[in-house]
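The values are calculated or read from the model by the stated rules, or taken from the named source; none is laboratory data. As the structure is a prediction and not an experimental result, all values here were calculated from the model. Quick reminder, even Gly has a Cβ in these numbers, built from the backbone with ideal geometry, and neighbours come from all protein chains shown. Just the protein is used for accessible areas: all its heavy atoms, side chains included, with ligands, DNA and RNA removed. Shrake-Rupley method; radii C 1.70, N 1.55, O 1.52, S 1.80 Å.
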Amino acid sequence: MKKFNIRKVLDGLTAASSSSSAAAASPHSGNRENDMIQETLQSEHFQLCKTVRHGFPYQPSSMAFDPVQKILAIGTQNGALRLFGRAGVECYCQHESGSAVIQLEFLVNEGALVSALADDSIHLWNLRQKLPAILHSLKFNRERITFCHLPFQSKWLYVGTERGNIHIVNVESFTLSGYVIMWNKAIELSSKTHPGPVVHISDNPMDEGKLLIGFECGIVVLWDLKSKKADYRYNYDEAIHSVAWHHEGKQFVCSHSDGTLTTWNVRAPAKPAQIITPHGKQPKDGKKPEPCKPILKVEYKTTRAGDPFMILCGGLSYDTVGRRACLTVMHGKSTAVLEMDYPIVDFLTLCETPYPNDFQEPYAVVVLLEKDLVVIDLAQIGYPIFENPYPLSIHESPVTCCEYFADCPAEVIPALYSVGSRQKRQGFSKKEWPISGGNWGQGTLSFSEIIITGHADGSIKFWDASALMLQVLYKLKTAKVFDKPRGKEEKSSTEIVDEDPFAIQILSWCPESRVLCVAGVSAHVIVYRFSKQEVTTEVVQLLEVRMQCELNEVESPEGGGEQASAVSTPGTSSSPQTSLPQSHPSTSSNNSSDGLRDNVPCLKVRSSPLKQSPGCQVELLIQLVWVSGEPPQQITSLAVNSAYGLVAFGNGSGLAVVDYLQKTLLLNVSTAELYGSTDPHHRQPRSPRKTRQLSAGLCDGNDASAAPEERCKSPTSDCVVAIGSGSPCNSDEDSKQKFIDKVKSKSKRISKTVASDFAKISRKINMIADQKDERRLRRYCSLHVKKQQSSVKETKKKRAASFRETSFCDPHARDNSFSRSRSSSVTSIDRESREVISSFYFCDSLSKKSETVAVPSLWVGTSLGSMLAIALTVPSTPDQRMQQPVGVSFCGPVVRLKGAILRMAQLDASGTLLPHVYESWYEPNAPEEERERPRRRRPTSPPSSQESPDCQYAVVCSEKQAKVVAMPSQNCVYEHNITETSFVLRADVVTMTAGVGISCFCANGHIMTLSLPSLRPLLDVNYLPLTDMRIARTFCFSNQGQALYLTSPTEIQRITYSQETCDNLQEMLGELFTPVETPEAPNRGFFKGLFGGGAQSLDREDLFGEVAAGKASRSLAQHIPGPGGMEGMKGAASGVVGELARARIALDERGQKLGELEERTAAMMASADSFSKHAHDMMLKYKDKKWYQL
């Protein structure tokens, strides 16, 4: 008996109430059969929550470091907060307002953090819990926050504003003090101008009662907190950017906008003690150096044994145009200029002591760049950098695609790590990573996880994502197989994208066999095999494929596409099965008879020997070529199967199947030819190009007489293709002549309707977000009224723009005749849209109704909702496999759905997911006698019976629907309309601990799961509205309830929809705060203690408390209690800052003992009454007696 949890599917019913009612079983036999299947997956197995976020913080804006806990915090421009400890200890938080974080201040060793935002709010974060929460917030209403300062071991936060005032906040209660330092009191009364915003606040390291205030205009004021007046004022003509103290409190350094550093003695405010321009050219005549760029920040750190360090960023000379950002380290007489790859956002010097009044002993500098985090070792010669243990290099090149594999074979990760460890850079510091706080989580997951990212530069990265951590395993550079042009003048005119021609578009990987197949944006496919041995490939194995589809007949389903051929190249195998019998001459010339590019690939293959390191090594390169002046269409779907040794890929022109073992092209047909005579679509005509009129408009070869051979009938469902046996599309002369006559007889009728048809199509093709699809669709629907061809330059621009935008319109943003509308965010294109191959699935299946034994098959899904089957005849033994051709048989359509087909899978008779067929990995470069070829694995199918002839089920999911089809009868047993108002962006058939289901992510932000095989809704959560094409491009599900997407150009967000993972999440997350003793304060020494001169403490409570300073204006700022509950309060309830929090907790705990307290109070009152009575009696007794009578 199936259980339904109404509460968990309530959201799904609201979004798909109409679709749920449409779920029904078609045939009675299917119903009777499937009633016996017991489904174990229920709604209580699902819960959606975020787990961890990996990668570099996007658009960082500020940084802070806790020197005792050794925790680093980074704030971003969108209000995010990332906290880092030791490797594997990371945390992500988000301010609700989304405003930029302008400054962060740790409460050192207290497990708390103060953040100041651009919306003039400050927040107190509790870090003592695994998921930090805000305890208090304070929103300023009348003044803009510009700078904050929290002294070490103090509970009073100084807040400088744009008006030049300084307010003081109690971080325990997050209330304002009545003590305010007004700008007009700080500057000289004779000054007639406003000093500008406060850019710096710090207290004297030796005297907490002296506060140094820096104003933007160049004025620095030393304020006496007790006397509430300025002791000294320091004036300089240039604006101030930062100020740094010497630890003895007698000197401070200011950095200015003209690239100068001024050093001031505290007691000599008249002029600076020293003025230097670190990067300025010193003139010989003693004049002032030429001004330089502003020095944005300076830090002044002292050491016991040597010269102090002065570290600064900026200040370069203006004549260094184009020079990268630099960090300057001045130590004694030496000056080191360290170039950075990106602009510097902030930097911090890590010191041995947290006390500002002691020798600092700096040992490292943390530099926050716009797109990287660098830590420099100050203790070693040459200032080497530390090796970064965080996964911050995801965006090293922009991510273009992503795949997620959970529950991988256990030996895959060690194998990838072993080959990836050889790729590590050298020259890092030998010391351990200095940001080492926090502890790892105790819980873990029982399965291994791998993430693969494809990048714009053609690189592919394998990541170990096990146990909520992320570590790069191995990096592959696919661009090595091509010749890279050195400059724009050397760039080939055949390239179809101006930028990133090697970008990865689609990935297909078999973890068991370690066979990797990638499709690039330049219409190329590369097959890789994994090897632990290094090899040198003299010539890259190359196969060029010519794909073209042109429909010239409206009604006849036999108006199939042009049968293309493989263009033989010197790099291909010399076996007789290298290429198909060709109609064209095999050529690679740039120009055909009509002066157009023809039979040339988009990229030039490497001509020199290729040294391939251990790891993924090139097995075969496949390139689509230009056809009669038109570039090849980009690949929209890809699949590889190691058991069959085949790779399939498709686009808007059709599909191709390549045998990567024999290096031959098995199949190259248009989508219409897959249907044969059963084509259900009304296809629009395409007129021949004017440039081909010499060849009767029916061919694009060099010889017009070869035109009839170019056209052929669509193959029937029983037609078998075998390499060497001839093309399946060859027809005799009579049929060809009939076909030509048929076209001529209908030409008049077609020409009359050209104008009206074109007008209808033009109205329906609106501006699509993906320009690539727009160009393809318009070219497909073009008639003779269009121009004969567009320029190559315009084509390249459109291709580049389409890939940069990377909309989800390709290949799935097309609707079919079943569904005429879609979400308003995507333009729907009705039946006039070109049918694109959208998905593949290799399996052993019963693809024909007459079959009783499962045979190797390829299922094909199209953008118009058709699922078609192709049967494969694969030789059984390894020797036969390398010598005999693979047979191909067309089985025709199996089922049709609304929307593009996204995912297909296979179930056995018991409803269990059949694993994909694969061949286990073996060393491809081992000697033949040592090589053990494992037998390929086949899914087992139960024997058929008379009562139940169907022993398999095909699961098909599209943008709109999901169906379960019994095989081989091809009866639809279950159907479910997933969405009516939106469409599915990503769908995967996933394996959970409790069973198998379908997971879907819709464009409206809903994440849904359906049971199998009954397609019951189990989860429907409105998780994430689609605001960025990046999410649509990178969202992917995996087994065991895991999913991820690229939430920003630099960050991966992982989520789980498994109840089991959500329950164990707290145990798996790391802890940021660990109990650590605060180092002892520096010893004042005997003479300093005897005669004074040591650090002077200050009781700030006496100055800033409500008793002494009064209350602040209520209209100045508004206090907002944070959402952090009792757990957060308990976390912050120890230490200096936690006194008030501890008192509040104590009050709550006393509330539980009120009954006992009342009893004690009553007893005390009774005792007091008794005592009062006895005292009264004694008074009466001795009232009238004299003292001598007592």
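With every protein chain kept in the model, how would you rank GLU959, GLU172, GLU96, GLU411 by accessible area, 1.4 Å probe, largest at the top? Don't skip to the answer; put the middle values down first.
Working: GLU959 0, GLU172 25, GLU96 180, GLU411 100 Å².
If we order GLU959, GLU172, GLU96, GLU411 from most to least accessible, we get GLU96, GLU411, GLU172, GLU959.
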### Message
For SER1170, what accessible surface area do you get with a 1.4 Å probe? Give it in Å², rounded to 10.
### Response
50
### Query
Check LEU914: other-chain or 5+ apart residues with amide H under 5 Å from its amide H, H built from backbone geometry?
GLN906, LEU907, ASP908
### Residue-wise HN-Hα coupling along the range 267-279, computed from phi with Karplus coefficients 6.51, -1.76, 1.60 (Hz; x: Gly, Pro)
8, 10, x, 5, 8, x, 6, 7, 10, 10, 10, x, 10
### Query
With every protein chain present, what is the per residue accessible area of the range 832-935 (1.4 Å probe, Å²)?
37
### Query
Which percent of the accessible area of the range 96-168 is formed by carbon and sulfur heavy atoms (probe 1.4 angstrom)?
44
### P(r) histogram, all alpha-carbon pairs of the range 328-484 included - 10 Å bins from 0, percent
9, 28, 32, 21, 9, 1
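Report the full-extension gain for the segment GLN880 to SER607: residue separation times 0.36 nm, less the Cα-Cα distance, to one decimal in nm.
Working: separation 273, 0.36 × 273 = 98.28 nm, distance 3.21 nm.
Value of the extension gain: 95.1 nm.
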### Query
Ignoring ligands, DNA and RNA, what percent of the accessible area of the range 834-877 is carbon or sulfur (1.4 Å)?
58
### Query
For the range 223-286, what is the accessible area per residue in Å², given a 1.4 Å probe and the full set of protein chains?
51
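State which entries of LYS50/LYS477; LYS192/LYS288; LYS849/LYS963 exceed 21 angstrom in Cα-Cα distance in the structure shown.
Working: LYS50/LYS477 32 Å; LYS192/LYS288 28 Å; LYS849/LYS963 18 Å.
Cα-Cα > 21 Å for LYS50/LYS477; LYS192/LYS288; rest within.
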### Query
Given H placed 1.01 Å from N in the peptide plane, which residues other than close sequence neighbours of VAL669 have an amide H under 5 Å from its amide H?
LEU655
### Task
Could you pull out every residue, at least 5 positions away or on a different chain, whose amide H is within less than 5 Å of the one on VAL199? Hs are placed 1.01 Å off N in the peptide plane, and Pro or chain starts have none.
GLY214, PHE215, GLU216
### Message
Going through the cross-link list LYS461/LYS663; LYS424/LYS480; LYS155/LYS226, which pairs have a Cα-Cα distance over 21 Å in this structure?
### Response
LYS461/LYS663
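For a Förster distance of 60 Å, can you work out the FRET efficiency between the beta-carbons of MET1179 and VAL1076, rounded to the nearest 0.05?
Values: r = 63 Å, r/R0 = 1.05.
The computed FRET efficiency comes out at 0.45.
Normalise the Cα radius of gyration of the range 110-163 by 2.2 N^0.38 Å (N = residues in it) and let me know the number.
On the way: Rg = 11.9 Å, N = 54, 2.2 N^0.38 = 10.0 Å.
Compared with the compact-globule rule of thumb, the range 110-163 sits at 1.19.
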### Query
Given 10 Å bins starting at zero, what is the percent of C-alpha pairs of the range 170-275 in each, up to the one with the largest pair distance?
14, 48, 31, 7, 0
### Task
Report the relative contact order of the range 205-292, percent, no decimals, based on alpha-carbon pairs under 8 angstrom and at least 6 residues apart.
18
### Query
Ignoring any ligand, DNA or RNA, what whole percent of the accessible area of the range 267-335 comes from carbon and sulfur when the probe is 1.4 angstrom?
53
### Message
Based on alpha-carbon centroids, what's the gap between the range 270-318 and the range 31-104 in Å, whole number please?
### Response
41
### Global size of the range 400-474 as Cα Rg and Dmax, reported in angstrom
14.5, 38
### Query
Residue by residue, what Karplus-based ³J(HN,Hα) values in Hz, rounded to whole numbers, does the range 78-94 have, using 6.51, -1.76 and 1.60 with θ = phi - 60° and x for Gly and Pro?
9, x, 7, 9, 10, 10, 10, x, 5, 4, x, 10, 9, 8, 10, 10, 9
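Quick check: residue separation of ASP307 and SER334 times 0.36 nm, minus the Cα distance between them. What number comes out in nm? Numbers along the way, then the final one.
Working: separation 27, 0.36 × 27 = 9.72 nm, distance 1.03 nm.
Gain in length upon complete extension: 8.7 nm.
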### Query
For the pair ASP224 and GLU1067, how long in nm is the line joining their label points, each one 7 Å along Cα→Cβ?
6.3
#### Entry: ³J(HN,Hα) computed for each position of the range 37-50 - Karplus, 6.51 cos²θ - 1.76 cosθ + 1.60, integer Hz, glycine/proline x
7, 8, 8, 9, 7, 10, 5, 6, 7, 10, 7, 9, 7, 6
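At a 1.4 Å probe radius, which order do LYS210, LYS849, LYS480 fall into by accessible area, largest first?
Working: LYS210 40, LYS849 135, LYS480 105 Å².
Ranking LYS210, LYS849, LYS480 by accessible area, largest first, yields LYS849, LYS480, LYS210.
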### Query
Using a simple spin-label model with points 7 Å from Cα along the Cα→Cβ vector, what separation in nm is obtained for ASP237 and VAL180?
3.6
### Query
Which value, in Å², gives the accessible area per residue of the range 359-409 when a 1.4 Å probe is used on the protein heavy atoms?
34
### Query
Label points 7 Å out from Cα along the Cβ direction at GLU923 and CYS49: separation in nm?
4.6
## Note on the structure
Sorted by accessible surface (1.4 Å probe, heavy atoms of the protein chains only), largest first, ILE381, ILE413 come out as ILE381, ILE413
